[in-house]
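The values are calculated or read from the model by the stated rules, or taken from the named source; none is laboratory data. None of the values given here were measured: they were computed from a predicted structure. Here the Cβ is made from the backbone with ideal geometry for all residues, glycine too, and neighbour counts use every protein chain on show. These area figures cover heavy atoms from the full protein model, side chains too; ligands, DNA and RNA do not enter into them. Shrake-Rupley method; radii C 1.70, N 1.55, O 1.52, S 1.80 Å.
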Amino acid sequence: IYKIRVAPKRLYEPLFTGDIYIVDEDWSLHSLDLMVTKKSNAELVDTMQIAQVYLPLKKDTWVIKQQVLFPAIKIFGFDLTGDFVTVYDNQKVNEPVPDTVFDKKVVSEYDKKANKKDTSYWTDVRPVPLLEDEQKDYIKKDSLRIVFESPAYKDSIRREENRPHAMDLIVNGYEYTGKGSHFGLHTNALLTGLVNYNTIEGVNVAPKFSLGYGIDTFNRLNGALALRYGFGNRHFNSIGKVNYTHGKRGWLGNYWSVGIEAGKYVFQFNPHNPLSGLYNSISTLFYRKNYLKLYERWEGKIGFLKDYGTGFKWGGDIEFQKRIPLYNVSDFSFAKSDIGGFTENMPSEFKAYKWETHNAALAKLWVSYQPGFTYTRYPDFMMAHKSNYPVFTLTYEKGIPNIFESKVDFDKWRVDMRDDIGLKLLGSLSYHLATGGFLNTKYVSIPDFNHLNGNQLTLAAPYLESFQLAPYYTYSNHASLFGEGHLEWYLKGFLTNKIPLFRQLRWYAVTGGNAYYVNKDLYYMEAFVGIDNLGYDKLRIFRLDFVQSWNNLHQTFSGIRIGINTSSLIRIKLDDREGEW
């Protein structure tokens, strides 16, 4: 057995340090003892040690026998350590799976009785005898488990967690869990649109409620209710939806869902809702920039979704809308009026368009597919694993005239392709490409246009979906064909790890571009370069980008965009899109 020392050529690369042991002549792994630390760009842990032992299964085939993980984490002043032992036995390698459909796609399978063995079985077959401390620990944990699983204990914890706190109302909203965890209720918070201000409604209060009820393991009801009152225009709106989901027994991710939606609410002209109510309130009150443009509509919708758990899914909906214009009712702002005035609620790009109350009957159908799914078969269920192939989505929308006085009459299509490609030490490359257009434009209303997701705020819009410097409606169109592309190269530490001192900051470079093209008289492009992972310790949630843009008028603009990436350690949603509910 040869012992080989492993060490990175440079610090702050995502690489292991330690020893590996190689079998003479077989050149197979016998065992290894490796470690990563902060100097290996470890983000969630401070150190992670991994030890593995391999045994020969048959000639020229060595398989893992045992693995031990030793993580250590320091967070908010606490030191957390642990060890996790996994022992493998009775492995089968490169043998056919007895299933004609998935024989080439099942990458791992567990014995159906693997999680149904009693204590005596594990005592006989346990390859690593329990230490005395471990035996006492199991007895203690088993006693605690009985307490933790008792209805009385669960109910007391539930009541404590259901008590409202001031921070819930400000940051995350209030969450209530019913007895047995079958029922759940969640509301929005002040930072997620509970109270807003805009020039169309004035101060408005918009509480939102999300409800869920688990009928059983495979059937669930979900609902949502949004209420809204504008103190400026004195309009009260309410809209609700309910959705029933049925999952396939024994196959995670295989389900179908059907739902209905009805009511009256306010929506942005761009149905992708590029603006947040919170951010628009700030820009309106402090900068006299009323970017948010809204209209009101009655609607009724029926929708269906089927996900086969194989990378293929499809869905559609039929909808009737009554669209109603809205107008500015307030011009209050803390900013001085001499810095510029507010604009009308109708986007200036549509001044020549006749925007009036009208009905719209709409139908939509979409299909999505990601090839290359693989599966793990557990004792009681099968779980799919996403592949490294792109996701393809085809969408078709139809405006149906003369149904309930519907005026819209158009046919619109769109094809999307998106993927994230791992480049190992070079980081990762993500892209989103799209093309589409109108086949028929007899009557296209403003909400039905092809809209570019622009952004005129300092805070960054969603990456790979938006254009960071583009105006919200300048490039809206009903052309027969357009092309759209978003590209982002996340270098991780590919460049920054090569710079002494700077690499210890663990800041990561990112670059890319966004482009939208209709014809030589209507196009927009932008490129950006930025630094991600800004912050302190575990709270590295900020990204800073410099963006440069070009358009068909031969104009160039530049700007700074600040991105906020909330991780699982900070469960805050600051970007509630106005019009989403």
Under Karplus coefficients 6.51, -1.76 and 1.60, residue-wise ³J(HN,Hα) of region 525-531 in Hz, glycine/proline x: 9, 8, 10, 9, 9, x, 10
Under 5 Å, built H, 5+ apart or other chain: amide partners of residue 460: 562, 563, 564
Residues with amide H under 5 Å from that of residue 476, placed H, sequence gap 5 or more: 452
Set of lysines near residue 289 by C-alpha distance (under 29 Å), chain-local residues within fewer than 8 positions excluded: 208, 264, 322, 336, 351, 354, 573
Segment residue 542-residue 126, length gained on full extension (0.36 nm per residue, minus Cα span): 145.0 nm
Gyration tensor verdict on region 359-489 (Cα atoms; rounded if a/c is under 1.5, prolate if a/b is larger than b/c, oblate otherwise): oblate
Sum of side-chain charges, residue 307 neighbourhood, beta-carbon under 13 Å (Lys, Arg +1; Asp, Glu -1): +4
Contour excess over end-to-end distance, with Cα ends at residue 205 and residue 381 and 0.36 nm allotted per residue: 58.9 nm
Relative contact order, percent, region 41-88 [alpha-carbon distance under 8 Å, six or more residues apart]: 34 percent
Where a label projected 7 Å from the Cα of residue 59 along Cα→Cβ would reach, residues of region 27-45 with amide N under 17 Å: 27-28
Label-point gap, in nm, between residue 74 and residue 137 - each point 7 angstrom along Cα→Cβ: 2.3 nm
For a label point 7 Å along the Cα-to-beta-carbon line of residue 221, residues of region 244-258 with backbone N under 20 Å: 244-248, 256-258
Theoretical FRET efficiency, 1/(1+(r/R0)^6), r = Cβ-Cβ of residue 527 and residue 19, R0 41 Å, to 0.05: 0.35
Distant-in-sequence amide H partners of residue 195 (H built 1.01 Å from N, under 5 Å): 206
Ranked by how many other beta carbons lie within 10 Å on average, peptides 446-454, 34-42 from highest: 446-454, 34-42
Beta bridges by DSSP in the chain, antiparallel share as percent, to the nearest 5: 95 percent
Mean separation of Cα contacts under 8 Å (6+ apart) over length of the chain, as relative contact order %: 9 percent
Helix axis angle, 277-287 relative to the chain longest principal axis, alpha carbon, degrees: 60 degrees
Full-stretch length increase - residue 183, residue 231 - with 0.36 nm per residue and alpha-carbon distance subtracted: 14.0 nm
Cβ crowding within 10 Å averaged over residues, with 424-431, 526-533 ranked highest first: 526-533, 424-431
When each of 248/293; 241/424; 58/117; 141/306 is checked by Cα-Cα distance, pairs over 32 Å: 248/293; 241/424; 141/306
Protection proxy ranking, peptides 122-128, 540-546, 380-386, average beta carbon neighbours within 10 Å, highest first: 540-546, 380-386, 122-128
Vicinal HN-Hα couplings computed from phi for region 60-66 (Karplus, 6.51 cos²θ - 1.76 cosθ + 1.60; Hz; Gly/Pro x): 6, 10, 9, 10, 5, 10, 8
Residues of region 325-357 with amide N under 17 Å of the 7 Å Cα→Cβ point at residue 272: none
Carbon/sulfur fraction of accessible area - the chain, other protein chains in place, 1.4 Å, %: 61 percent
Three-way shape call for region 269-331 based on the alpha-carbon gyration tensor, with the a/c threshold at 1.5: oblate
With DNA, RNA and ligands ignored, accessible area of residue 186 (1.4 Å probe; Å², nearest 10): 70 Å²
³J(HN,Hα), Karplus 6.51/-1.76/1.60, whole Hz, each residue of region 5-10, x for Gly, Pro: 7, 10, 8, x, 6, 9
Accessible area per residue, Å², the chain with all protein chains present, probe 1.4 Å: 57 Å²
At R0 = 51 Å, FRET efficiency that the Cβ-Cβ distance of residue 238 and residue 111 yields, to 0.05: 0.45
